[in-house]
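Only one structure is covered here, and it is reproduced in the block below.
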Amino acid sequence: MANAKIVGQARAHQHRPCTGDGLMTIFYDGSCPLCSAEIGHYRRMDMHERLRFRDVSQADVVLEPELDRSALMSRFHVRLCDGALLSGAAAFVSLWSLLPRWRCIAYAAEAPGAMLLLKMAYRLFLPVRPAISRLLKAFCQPTLVRQRHSTAAVEGRHTMRLEQGERK
């Protein structure tokens, strides 16, 4: 991302997301089960629809020329509505500042030394993320398949009852 303006080192309060019609763009790795689960949570929390989500693992997702897909997939990024591109802990804090129940963590991140701790924690997390994702994929996938099958079975029974009721 040679030309992209990345502001990953900035404190969260220096880059408050825009208010009004501006949307924050969240770049995430949709092929990562952990990332997808987390993004699903953020989608549900975005009651005011201030977030735009872009799954950069999809080859058909068109990115701005200055953005590098592999860099976006290897680390969490957000683009503020003012064009600033944040990564890592600063990106999370900026996102959290827009979400109910997460704002208090975003404010706490402004305490002296808090952002440094968040950055260190994120750097320690990054190398183990692939292993966590593999574990989630191995253990959660069968559960998801079972849930889909049981849901389909319930829906099928419901449909059969409706059809039988219509025949009477």
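The values are calculated or read from the model by the stated rules, or taken from the named source; none is laboratory data. Fair warning: this is a prediction, and the values are worked out from it, not measured in the lab. Here the Cβ positions follow ideal geometry from the backbone for every residue, glycine too, while neighbour counts run over all protein chains shown.
The residue that is farthest from residue 33 (Cα to Cα), counting only those in region 112-141 that are surrounded by 13 or more Cβ atoms within 10 Å (Cβ to Cβ) and among the small types (Gly, Ala, Ser), is 114.
Do we have any residue at all in region 65-80 that's surrounded by 14 or more Cβ atoms within 10 Å (Cβ to Cβ), touching a Ser or Thr at 6+ places or on another chain (Cβ under 7 Å), without any contact (Cβ under 8 Å) to a residue 60 or more places away in the chain and part of a helix (DSSP H, G or I)? Within region 65-80 (the criterion being surrounded by 14 or more Cβ atoms within 10 Å (Cβ to Cβ), touching a Ser or Thr at 6+ places or on another chain (Cβ under 7 Å), without any contact (Cβ under 8 Å) to a residue 60 or more places away in the chain and part of a helix (DSSP H, G or I)), the answer is yes, since at least one residue qualifies. The single condition among (1) modelled with pLDDT of 90 or more; (2) under 29 Å from residue 23 (Cβ atoms) that residue 81 does not satisfy is (1). Taking residue 100 as the residue in question, decide whether it is under 18 Å from the mean Cα position of the chain (by Cα) and within 24 Å of residue 132 (Cα to Cα). So residue 100 fails the test. For the residues 99, 95, 86, the requirement of being modelled with pLDDT of 90 or more and in a strand (DSSP E or B) singles out 86. If you go through region 51-105 and keep only what is closer than 10 Å to residue 24 by Cα and of a type in the set (Lys, Arg), you end up with 52, 79.
If only residues of region 38-78 that are closer than 15 Å to residue 22 by Cβ and not charged (D, E, K, R) are counted, the one that is farthest from the chain's Cα centre (by Cα) is 48. Listed by first and then second residue, the pairs linking a residue in region 101-124 that is more than 20 Å from residue 46 (Cα to Cα) to a residue that is of a type in the set (D, E, K, R), with Cβ atoms under 7 Å apart and 6 or more places separating them unless they lie on different chains, are 110/11; 115/11. For region 43-61, state whether one or more residues are in contact (Cβ under 8 Å) with a residue 40 or more places away in the chain and touching a Lys or Arg at 6+ places or on another chain (Cβ under 6 Å). No: zero hits.
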